[in-house]
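A.B. asks: Right, I'll just put the structure down here and ask away after.
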């Protein structure tokens, strides 16, 4: 593993549909010294997603081989699919000595914090559960049953807010991304 300042490792979590990916995209647009560590997943690619940019879309056998070879920083099964951060992706990004953002769920965030205690964990919350449900339905990417499962998972995830360094409400993408940028800057001050 390369040597790096753990404060430059930023983990962003939040319930499915809270807008965390959109907020992080806006953060990256504003903060030129930040980059996204792309995760692997076994779930199917959505029409608008790009392999290698949004996720590395791999099959379960490939994912399990990465685990067996100890090449995953963290990983979990979420809603029937595997998600995780490849170590080589993280090492490549941190070699540049810039801020690296991981967008991962609560179990993965906990694993990162255990391994890198000075990393920054930020949880993004929706304005309300009703708004979260509206956002999930408006995405038009899951069935009603899948959305209900995601909402149940969200309720469990919201119980872990105390294990995060910061919690931000995503009322608007611009405001949330601005708050996230300010929090990162303050965290990284010497």
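A.B. asks: So residue 103 passes all but one of these: (1) closer than 20 Å to residue 22 by Cα; (2) without any contact (Cβ under 8 Å) to a residue 12 or more places away in the chain. Which condition number does it fail?
C.D. replies: (2)
A.B. asks: Which ones in the stretch 94-111 are modelled with pLDDT of 90 or more and farther than 18 Å from residue 15 by Cα?
C.D. replies: 99, 100 - these are the residues of the stretch 94-111 that are modelled with pLDDT of 90 or more and farther than 18 Å from residue 15 by Cα.
A.B. asks: Just checking, does the stretch 71-81 include any residue being loosely packed, with under 14 Cβ neighbours inside 10 Å, touching a helix residue (DSSP H, G or I) at 6+ places or on another chain (Cβ under 7 Å), closer than 25 Å to residue 187 by Cβ and at pLDDT below 95?
C.D. replies: no
A.B. asks: Report yes if some residue within the stretch 85-93 is at pLDDT below 95, closer than 30 Å to residue 148 by Cβ and not in a loop (DSSP other than H, G, I, E, B); otherwise report no.
C.D. replies: Filtering the stretch 85-93 for residues at pLDDT below 95 gives 85-93.
Then keep just the ones that are closer than 30 Å to residue 148 by Cβ; that gives 85.
Add one more test, that the residue is not in a loop (DSSP other than H, G, I, E, B), and what stays is 85.
The answer is yes; a qualifying residue exists.
The values are calculated or read from the model by the stated rules, or taken from the named source; none is laboratory data. Computed from a prediction, not measured in an experiment: that's the story for all the values here. Note that we place each Cβ from the backbone using ideal geometry, even for glycine, and neighbour counts take in every protein chain shown.
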